[in-house]
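First the structure, then my questions, so here it is.
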Amino acid sequence: MVLKQNLEKDLKNLNKRFKDLEQSKKKADDENQLLLSFLLNEIGSNDLDNLKELLAGQKLTEILAELDSRKQEIQNLSFDLTITRENVGAQSKDFEEKIKAKQETINTLEEIIKERDEDVRTKQEII
């Protein structure tokens with residue numbers, strides 16, 4: 001139960017980080033658009049093609065960097081998930097062993113109670 005809550009909490013945190021990244025990207029895109037507008041006003045139309053090529057190359061570099069960053073995040077999350085799965089498996093096995101031990105204790109106690117009941121009946125018959 002606690003593990004499920006922790007996983008849900010981690011998922012919420014990841015969703016928040018993803019939304020933050022999306023907002024940062026949108027902000028950067030907006031800033032780039034403003035910069036582009038400013039530059040277009042400052043330069044002549046002859047340089048427009050050169051500027052487009054320059055911005056396209058820069059944009060591709062930014063996109064590749066963002067993809068690498070997200071790939072690393074996914075790898076980290078995958079690693080975290082693998083560790084979490086291993087921990088859940090270990091905890092599950094531990095719980096099963098504890099349940100088995102408790103059941104054995106219950107069975108032993110039931111046998112003791114049964115023996116005592118028989119002793120009490122025997123003593124009542126004797127009396």
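May I ask you to verify whether residue 101 is in a helix (DSSP H, G or I), aliphatic (A, V, I, L, M), within 27 Å of residue 11 (Cα to Cα) and without any contact (Cβ under 8 Å) to a residue 24 or more places away in the chain?
Spelling it out, it is not the case that residue 101 is in a helix (DSSP H, G or I), aliphatic (A, V, I, L, M), within 27 Å of residue 11 (Cα to Cα) and without any contact (Cβ under 8 Å) to a residue 24 or more places away in the chain.
Could you give me the residue pairs with C-beta distances under 9 Å whose first residue belongs to the range 109-127 and is touching a residue at least 24 places away in the same chain (Cβ under 8 Å) and surrounded by 10 or more Cβ atoms within 10 Å (Cβ to Cβ), whose second residue is outside any helix (DSSP H, G or I) and among the polar types (S, T, N, Q) wherever it lies, and which are 6+ apart or on separate chains?
Matching pairs, first to second residue: none at all.
Could you check, for the range 59-66, whether at least one of its residues is surrounded by 10 or more Cβ atoms within 10 Å (Cβ to Cβ), modelled with pLDDT of 85 or more and within 22 Å of residue 11 (Cβ to Cβ)?
yes
Turning to a different aspect of this structure: Test residue 99 against the criterion of being more than 30 Å from residue 17 (Cβ to Cβ) and among the aliphatic types (A, V, I, L, M), and give yes or no.
yes
Which one of these is modelled with pLDDT of 85 or more, within 33 Å of the chain's Cα centre (by Cα), surrounded by 10 or more Cβ atoms within 10 Å (Cβ to Cβ) and closer than 30 Å to residue 2 by Cα: 93, 25, 98? Write out each step before concluding.
Details: 93 fails: modelled with pLDDT of 85 or more; 25 fails: closer than 30 Å to residue 2 by Cα.
Exactly one of 93, 25, 98 is modelled with pLDDT of 85 or more, within 33 Å of the chain's Cα centre (by Cα), surrounded by 10 or more Cβ atoms within 10 Å (Cβ to Cβ) and closer than 30 Å to residue 2 by Cα, namely 98.
Would you confirm, using the coordinates I've provided, whether residue 106 is surrounded by fewer than 11 Cβ atoms within 10 Å (Cβ to Cβ), modelled with pLDDT under 90 and of a type in the set (A, V, I, L, M)?
The answer is no for residue 106.
If you don't mind, there's one more thing I want to ask. Looking only at residues that are loosely packed, with under 10 Cβ neighbours inside 10 Å and part of a helix (DSSP H, G or I) in the range 1-22, which one is modelled with the highest pLDDT?
Among them, the one singled out is 5.
The values are calculated or read from the model by the stated rules, or taken from the named source; none is laboratory data. Here the structure is a predicted model, which is why all the values come from computation and not from measurement. Note that each Cβ is placed from the backbone with ideal geometry, even for glycine, and that neighbours are counted across all protein chains shown.
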